Structure formats: C-alpha cells, structure tokens
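Take a look at the structure below.
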Amino acid sequence: MNIIIGSLKLKTINDYIEVFKHKDNKIFSVQNADMCFKVLEKENITVCFLESLAGERNLKDIIPAIRRTSPKTKVIILNQESKNICSEIIPNIKQSPANHENIMVGKSIKMMNTFKTIKAAANTSSKVLLLGENGTGKELAAKQLHEKSSRAKKPFICVNCAAIPETLMESEFFGHVKGAFTGAACDRTGKLEQADGGILFLDEVAEMPLSIQAKLLRALQEMKICRIGSNKERSIDVRIIAATNKDLRTEVLKGRFREDLYYRLNVISIRLPALRERIEDIPFLIDYFAEKLSAENNIDLKKFDEEAILYLKKYAWPGNVRQLKNFVERVMVLGKSPTICVDDVCKYIDEENFSKSNEDFWEKINNSSLKEARDLFESIFIEKKLRENQYNLTKTATVLGVFPSNLKAKLLRLKIGT
C-alpha cells in the first residue's frame, strides 16, 4: 500500500518507517502541506499519517482539503500512543482504497473474539458457515476471510441463493455449453468455475433448493464440475464460505436442507453478534460511518451528543449495523445542526422504525396464531413507548396505564431489553 508520513521531526518519520516497513508498502515522507498534496495528486494513497506540518497552525484544518483531493485516503493523526494503534490498524487496510468498504468496525469483546476467529479460520482451507441476523455483516466477514487468506489474490465470487430462480440455478452454479437448452446462445462459465483458486460465498444458503443442494454436495466432494450439455469434467479448487440468518439444524429437521450438505458446510461456524449485543460499539460505528459519508459525499461532518448516543444504545436495532449505517446517512444528509441531539435522533429513527415495524409485523403474523400476533403487537407497541419516554420504566408504565412491576414482567416475557 502507499503511505504518507507527515512530520517536521525526522525521528518521528524514521520511527514510523520502521513500524510500517514492509516489501508491499511504499512510504512517502513529507514535511509540509504542499509536499503532502503533491504526493496525493500523483499517487494512490491508502493512508496518511500526520503529526505536524510546516506552515499549519492547526493540523486538523488540512483534513477537509485532503479529503477533497483524495476522498478514499484514510487520515490518521499521530500522537504518543499512535505506534501501537497504527500497528493494529495497518493490517486491516489493504492495497486498494476501495477495500475500505470491507473493514469491520468494533472494539467490544464479542467483536474482538469474532475478529480472532476470522483470523484463525482465514489461515486454513476449511469451509466456514457464517451465522447471524440480517444486517450483522456476514458478507463483510466473508470478504475479510478472503483478504486474510492465501487466496486473497484469487477470485471472490458471491452468490445470493435467494435471488436466483430455481430454473436458472444449475446453470448459474455449473455453467452451460452453447445449445444446451433454448436460449443458450454461447458457452457460459458457472460460479464454481469462476471461483477456481479462490472463494465462493454462498449468501442465504438456506434458500437453496434441495435439487441443487444434491448437485452442489457432489461437486464439493469430488471438486469436479460438468457444464450443462457437456460430458467433459473440469477440476476446480474452490473454498466455500456460506452464510444464513436461519437455524440450519432446524431446516434439516424440517426436511428443507440436506443433512449431509449441512455437515459439509459447517466445519467452522462463526456467529456475527447482533448490534444490540454489542452496544459499546455503537459510538465507534457512528463515527466511522459519519466520517466515511462526509469524505465520500462532501457532506459537513456532524457529531452526536452524549444524550443522543445514550438513546441510540438503548434502541433495539432490528436491522443491526445496516440499519445504523442508513440512519447515520439520513441524519448526515437531512440534519441541519452540526451537533445531533436526542430530539433529532427520535425524529429520524422513529421514521425508519415505523415503516420497518409495520412491514415486519404483517410479514411475521401472516402464518401466526392469535397469541403470537398479540405478543408481537405488544412488543412493537411497548418498544415504541419505551423510546418515546427515553426508556424510563416508571414513566412508560404510567403512559401505558400499568404498574411498573407488571410492565417489567411483560418485558421479561416478551424478551424486550431496556
């Protein structure tokens, strides 16, 4: 990767050159802002470390100018603790700035354990099953597994198993030859063949039809495929990473997923925690998304005050990190004040929650019993009232017309966190 180290102190430059010294790193040392911008204009810079530059009263004043010159460059201000911090950051920043999209953010114990498991699994050729709710970052985890593995320079092919019609799925996976069926006007390479040497990511694998599961299992066992309409077998070398938000064991018991394929895919399982299980990461995620959106879209950076952050930590986040990212973008675009307070948060988060809750409610009660539908409505209604009253239990109970003890019992029964 290309790195700028900007400092007036030669010792600082030499220290950081030693930290980042690697055959794949190209380092540019600069001692003033003009030199910095000349390098940014000519080179594809991944990360820019700045301590002090001649002629700059406030180092932070030049950051917006750097972002305008090179929007994809990550800027980090050096301080006395930077060497340790940067040595942790650098391995997660890859050669191309486009790979900033693949960074997973989190400092919670659950995420640190997840990162460790990803790192350990990446160094093997074992199949990995990623588990977690929608929006928890399963595809990002798959890309991290790819980037940290020995297959990093080989293809990463993603297939959304829920988005492909069953009639086209065999051709999608195995390819076909010209004339194999009506509409096959030319030879087509399937996803398994495209991923040869690299990784095939099967997203929403639980939605794969049983007929394709059997053929995929055979291909994985023999590491050979045959295009539709051809008798020629082709050897492949593919590592499989699969992801699902469903319990595959339950799907197996219900006859919707092959048991032998389940055990074939579930060699190493990694569960991505829901956002409500790692609320300590919310401030870091907000800062990350806000800074990223500001740099990419030339939007003024907005900060969330402490009360707003506290409110967001208590919110349930049914859409997880994806929902948080969309929320931050909405606030950044529509918010008028440079500081986001709790009133702004309530305004923008309730707008999203209303539409999502209604959509989820009708989808979930479609095949539910009366009791299940009633419990779901109570959950949505109580959560809404809790948010409106800043999660004050006594105040919410008064608004609902129940005793606090009764409300607490309902929260426990309906598994609503406060």
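In region 1-90, counting only strands (runs of 3 or more DSSP E) that sit wholly within it, the ones holding 3 or more residues that are within 25 Å of MET104 (Cα to Cα) and modelled with pLDDT of 75 or more span 47-50, 74-77. Please give the number of the condition ALA242 fails out of (1) out of contact with any Gly (no Cβ under 9 Å at 6 or more places or on another chain); (2) closer than 30 Å to ALA308 by Cα; (3) not β-branched (Val, Ile, Thr). Unmet for ALA242, out of (1) out of contact with any Gly (no Cβ under 9 Å at 6 or more places or on another chain); (2) closer than 30 Å to ALA308 by Cα; (3) not β-branched (Val, Ile, Thr): (2).
Looking at region 291-400, the helices (runs of 4 or more DSSP H) lying wholly inside it that each contain 1 or more residues that are closer than 30 Å to ILE76 by Cβ and at pLDDT 85 or above sit at 306-314, 320-334, 342-364. Of all the criteria given as (1) of a type in the set (Phe, Trp, Tyr); (2) open to solvent by 60 Å² or more (accessible area, probe 1.4 Å); (3) in contact (Cβ under 8 Å) with a residue 40 or more places away in the chain, the one not satisfied by PHE381 is (3).
Between ALA316, ALA295, ALA274, ALA243, which is small (Gly, Ala, Ser), open to solvent by less than 60 Å² (accessible area, probe 1.4 Å) and in contact with a strand residue (DSSP E or B) (Cβ under 7 Å, 6 or more places away or on another chain)? The unique qualifying residue is ALA243. Kindly establish whether ALA274 is closer than 16 Å to GLY132 by Cα, within 25 Å of the chain's Cα centre (by Cα) and of a type in the set (A, V, I, L, M). Judged against the criteria, ALA274 is a match. Report yes if some residue within region 156-167 is surrounded by 16 or more Cβ atoms within 10 Å (Cβ to Cβ), in contact with a His (Cβ under 7 Å, 6 or more places away or on another chain) and modelled with pLDDT of 90 or more; otherwise report no. Yes, that holds for at least one residue. Mind checking whether some residue in region 205-221 is among the small types (Gly, Ala, Ser), open to solvent by 30 Å² or more (accessible area, probe 1.4 Å), in contact with a strand residue (DSSP E or B) (Cβ under 6 Å, 6 or more places away or on another chain) and not in a strand (DSSP E or B)? No, region 205-221 contains no residue that is among the small types (Gly, Ala, Ser), open to solvent by 30 Å² or more (accessible area, probe 1.4 Å), in contact with a strand residue (DSSP E or B) (Cβ under 6 Å, 6 or more places away or on another chain) and not in a strand (DSSP E or B).
Taking the conditions (1) open to solvent by less than 50 Å² (accessible area, probe 1.4 Å); (2) assigned to a loop (DSSP other than H, G, I, E, B); (3) not hydroxyl-bearing (Ser, Thr, Tyr) in turn, LEU192 satisfies each one other than (2). Checking each residue in region 125-182 for being basic (Lys, Arg) and either over 20 Å from MET208 (Cα atoms) or in a helix (DSSP H, G or I) (or both) picks out LYS138, LYS143, LYS148, ARG151, LYS153, LYS154, LYS178.
The values are calculated or read from the model by the stated rules, or taken from the named source; none is laboratory data. Please read these numbers as outputs of a predicted model, since none were measured by experiment. Every residue, glycine among them, receives a Cβ derived from its backbone with ideal geometry; neighbour counts consider all protein chains shown. All accessible areas refer to the heavy atoms of the entire protein, side chains included, with ligands and DNA or RNA removed. Shrake-Rupley method; radii C 1.70, N 1.55, O 1.52, S 1.80 Å.
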